[in-house]
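Q: Shown below is the structure under consideration.
The values are calculated or read from the model by the stated rules, or taken from the named source; none is laboratory data. These numbers were taken from a predicted model, which means no experiment stands behind them. Quick reminder, even Gly has a Cβ in these numbers, built from the backbone with ideal geometry, and neighbours come from all protein chains shown. All accessible areas refer to the heavy atoms of the entire protein, side chains included, with ligands and DNA or RNA removed. Shrake-Rupley method; radii C 1.70, N 1.55, O 1.52, S 1.80 Å.
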Amino acid sequence: MVVATPALLVGCDGKKAPAVLKVGDQRGGLQALLSAYPDDKPGLSYQVEWAQFPNAAPVIEALNAQAVDVGAVGDAPFGFGLVGKAQIKAVAAYRSSGQGTAILVKGDGPVRALADLAGRTVATSKGSIGHFLVLRALAEAGLTADKVTVAFLAPNDAKAALVAGSVDAWATWDPYTALAELHDGLRVLVNAEGRMPGLSYLLSTPAALSARRDLVRDFVGRVNRARAFTQTQPEAYATVFAQQTGLPPDAAALTVRRISGRPVPLDDGIIADQQSVVDQFAKAGLGGDGLDVHPAFERTL
């Protein structure tokens, strides 16, 4: 469990109130992960106040507005947030294979190779890991960004558009990818494995690190232990994932197998990988020219 007996703070009215850490999460993310992990390690006692968001962009917005203290996002949203001058700092990193981030097409559709995307429309969320995969895939195919129309749609809208034929492809991530593969008759054109760093992060803010640094440190430790646990025992996480998201068990199991990234240190290699994400956005004309990501890593937590 994440929450033990709450630590108590004395307010100006003399009443005791529990210490609170506000966490921005995405469907089936940290809350499901920590619910599945039997962590009884003693540490700081505090309450976690969860805020659930549909994707990473509003998590970044909430962090920047100091509405949450910690949030979980992928490398592309982190990079896009830095381009937008969000006041965010990485406090932990995780690496996965990238298999769950993919460009999807209709199973019986005409798009059979990356080169077939020329002159077509790909739906994705702006600044997402799906968007980043589109940029990397186009470069791999020798296509400039202007050869493809990118329609910025939320995941459910993008899926509906692809099924209806109003777009030709959809770049997304698990659990959407797993559900599309197993239940919607969609086909993976390419995935992110070998094309992207496959990083995700826990982010915090300068304000939270100043006011609640011990709580952030404790929470990071719990998430790291839970991530390590799911590397060897993914079934527990998959069960809770299915319960909290309503996904079919097979899609939940596939998602957990692909997204359960292992904790990795915030070393120079991680920072270089994140710099490559920002540089890719800059190359595509999305801002961030000359932006150095080093200050956005909190390596002394």
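Q: Among the residues in the range 191-200, are any farther than 27 Å from ASP279 by Cα and either buried (at least 24 other Cβ atoms within 10 Å of the Cβ) or in contact with a helix residue (DSSP H, G or I) (Cβ under 8 Å, 6 or more places away or on another chain) (or both)?
A: No, the range 191-200 contains no residue that is farther than 27 Å from ASP279 by Cα and either buried (at least 24 other Cβ atoms within 10 Å of the Cβ) or in contact with a helix residue (DSSP H, G or I) (Cβ under 8 Å, 6 or more places away or on another chain) (or both).
Q: Same structure, new question: Which of the residues belonging to the range 109-123 are part of a helix (DSSP H, G or I) and either without any contact (Cβ under 8 Å) to a residue 12 or more places away in the chain or hydroxyl-bearing (Ser, Thr, Tyr) (or both)?
A: Result: ASP116, single match.
Q: Turning to a different aspect of this structure: Within the range 58-88, how many residues are touching a Ser or Thr at 6+ places or on another chain (Cβ under 9 Å), closer than 20 Å to VAL293 by Cα and open to solvent by 50 Å² or more (accessible area, probe 1.4 Å)?
A: 3
Q: Could you pull out the residue among LEU179, LEU189, LEU199, LEU215 that is touching a residue at least 60 places away in the same chain (Cβ under 8 Å) and under 14 Å from the mean Cα position of the chain (by Cα)?
A: LEU199
Q: Give the number of residues within the range 57-80 that are over 19 Å from VAL216 (Cα atoms) and touching a residue at least 40 places away in the same chain (Cβ under 8 Å).
A: 6
Q: Something else now. Can you tell me which residue is least open to solvent (accessible area, probe 1.4 Å) among those in the range 95-125 that are of a type in the set (Ser, Thr, Tyr) and at pLDDT below 95? Explain how you work it out, then say what you get.
A: Of all residues in the range 95-125, those of a type in the set (Ser, Thr, Tyr) come to 96-97, 101, 121, 124-125.
Now narrow it down to the ones that are at pLDDT below 95: 96-97, 125.
Values: SER96: 39, SER97: 47, SER125: 18 Å².
The residue in question is SER125.
Q: Also: For residues that are hydrophobic (A, V, I, L, M, F, W, C) and touching a Ser or Thr at 6+ places or on another chain (Cβ under 7 Å), scanning just the range 171-187, find the one that is most open to solvent (accessible area, probe 1.4 Å). Give the derivation first.
A: As a first pass, look at the range 171-187 and keep what is hydrophobic (A, V, I, L, M, F, W, C): 171, 173, 178-180, 182, 186.
Cutting the leftovers down to touching a Ser or Thr at 6+ places or on another chain (Cβ under 7 Å) gives us 171, 173, 178.
Values: ALA171: 1, TRP173: 30, ALA178: 0 Å².
Looking at residues that are hydrophobic (A, V, I, L, M, F, W, C) and touching a Ser or Thr at 6+ places or on another chain (Cβ under 7 Å), I get TRP173.
Q: With the requirement that a residue be over 13 Å from the mean Cα position of the chain (by Cα), assigned to a helix (DSSP H, G or I) and farther than 15 Å from VAL277 by Cβ, what does the range 59-101 give you?
A: GLU61, ALA62, LEU63, ASN64
Q: Within the range 261-273, which residues are open to solvent by less than 30 Å² (accessible area, probe 1.4 Å) and either in contact with a Phe, Trp or Tyr (Cβ under 7 Å, 6 or more places away or on another chain) or among the acidic types (Asp, Glu) (or both)? Break it down stepwise before answering.
A: So in the range 261-273, the residues open to solvent by less than 30 Å² (accessible area, probe 1.4 Å) come out as 261, 264, 266, 270-271.
Listed by number, the residues that qualify are GLY261, VAL264, LEU266, ILE271.
Q: Among the residues of the range 128-140, count how many are in contact with a helix residue (DSSP H, G or I) (Cβ under 7 Å, 6 or more places away or on another chain), among the hydrophobic types (A, V, I, L, M, F, W, C) and touching a residue at least 40 places away in the same chain (Cβ under 8 Å).
A: 4
Q: Something else now. Among the residues of the range 160-170, write down those that are open to solvent by 50 Å² or more (accessible area, probe 1.4 Å) and closer than 18 Å to ARG27 by Cβ.
A: Scanning the range 160-170 gives a single hit, ALA160.
Q: Could you list all residues from the range 274-301 that are assigned to a helix (DSSP H, G or I) and over 26 Å from ARG213 (Cα atoms)?
A: SER276, VAL277, VAL278, ASP279, GLN280, PHE281, ALA282, LYS283, listed by residue number.
Q: Given (1) surrounded by 21 or more Cβ atoms within 10 Å (Cβ to Cβ); (2) modelled with pLDDT of 95 or more, identify the lone condition not met by PHE152.
A: (1)
Q: Considering only residues that are farther than 25 Å from ASP75 by Cβ and assigned to a helix (DSSP H, G or I), which ones fall in the range 211-239?
A: Across the range 211-239, the qualifying residues are ALA211, ASP214, GLU235, ALA236, THR239.
Q: Does the range 254-272 contain any residue that is touching a residue at least 40 places away in the same chain (Cβ under 8 Å), basic (Lys, Arg) and under 30 Å from LEU143 (Cα atoms)?
A: yes
Q: Would you say LEU143 is in contact (Cβ under 8 Å) with a residue 24 or more places away in the chain and surrounded by 22 or more Cβ atoms within 10 Å (Cβ to Cβ)? Quick ask: steps written out before the conclusion?
A: Numbers: in contact (Cβ under 8 Å) with a residue 24 or more places away in the chain: yes; surrounded by 22 or more Cβ atoms within 10 Å (Cβ to Cβ): no.
No.
Q: Across the range 221-255, which residue is nearest to the chain's Cα centre (by Cα) among those that are of a type in the set (A, V, I, L, M) and either under 23 Å from SER45 (Cα atoms) or open to solvent by 50 Å² or more (accessible area, probe 1.4 Å) (or both)?
A: VAL223
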